[in-house]
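S.K.: Structure incoming, see below.
No lab work stands behind these numbers, since they all come straight from the coordinates. Just so we're clear, the structure is a prediction, and the values are computed from it rather than from any experiment. So basically every Cβ, Gly included, is an ideal-geometry build from the backbone, and we count neighbours across all protein chains shown.
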Amino acid sequence: MAADIPSKYTLGGTVDLLLTPYDTNNIVFDPIESRLSIKQPDGVIITVSGDILTYVTSGYLFYTYRPPTVGWYEYEGWVKDTTGREIAKTKGFDITDRLY
């Protein structure tokens, strides 16, 4: 399995942060609760949940975010299934003032 390569975006644009919950059989499921936390380069953490997350199709969620400054961002998606199992995954991306 290849390692995740951090994405690079240009300041002023938007980033679609995808949250895809998989069960223990690696099948996408519709969570009963979901939350997305974004840690900005200045340490401020923004958390969104529920109706703010957009459902694309069964189990797939995303949030459109406009980063306010350059730097490294991390985000963690959290979901809960009907058995009470909680799943979290952290990823990151870089915002630059120019793409090249």
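S.K.: Within the chain, what percent of beta bridges assigned by DSSP are antiparallel, to the nearest 5?
M.R.: Around 90 percent of the beta bridges assigned by DSSP in the chain are antiparallel ones.
S.K.: Turning to a different aspect of this structure: Using only Cα atoms, locate the centre of segment 26-48 and the centre of segment 59-81, then give the distance between them in Å, rounded to an integer.
M.R.: Measuring centre to centre over Cα atoms gives 6 Å.
S.K.: If each residue's Cβ is checked for other Cβ atoms within 10 Å, how do 72, 78 rank with the fewest at the top?
M.R.: On the way: 72 12, 78 19.
Ordered by Cβ neighbours within 10 Å, fewest first: 72, 78.
S.K.: Using only alpha carbon pairs under 8 Å that are at least six residues apart, calculate the relative contact order of segment 23-95 and give it in whole percent.
M.R.: So the answer I get is 33 percent.
S.K.: Counting other beta carbons within 10 Å of each Cβ, put 54, 24 in order, fewest first.
M.R.: 24, 54
S.K.: Say the dipole of segment 7-96 comes from +1 at the beta carbon of Lys and Arg and -1 at that of Asp and Glu; which of 10, 84, 73 then lies farthest toward its positive end?
M.R.: 10
S.K.: Here is a follow-up. What is the fewest-to-most order of 27, 38 by other Cβ atoms lying within 10 Å of their Cβ?
M.R.: 27, 38
S.K.: Also, quick follow-up: From the C-alpha coordinates alone, can you work out the Kirkwood hydrodynamic radius of segment 7-96, in Å? Display every interim value, and only then the final one.
M.R.: Details: mean 1/r = 0.0734 Å⁻¹.
One over the average 1/r among Cα pairs gives 13.6 Å for segment 7-96.
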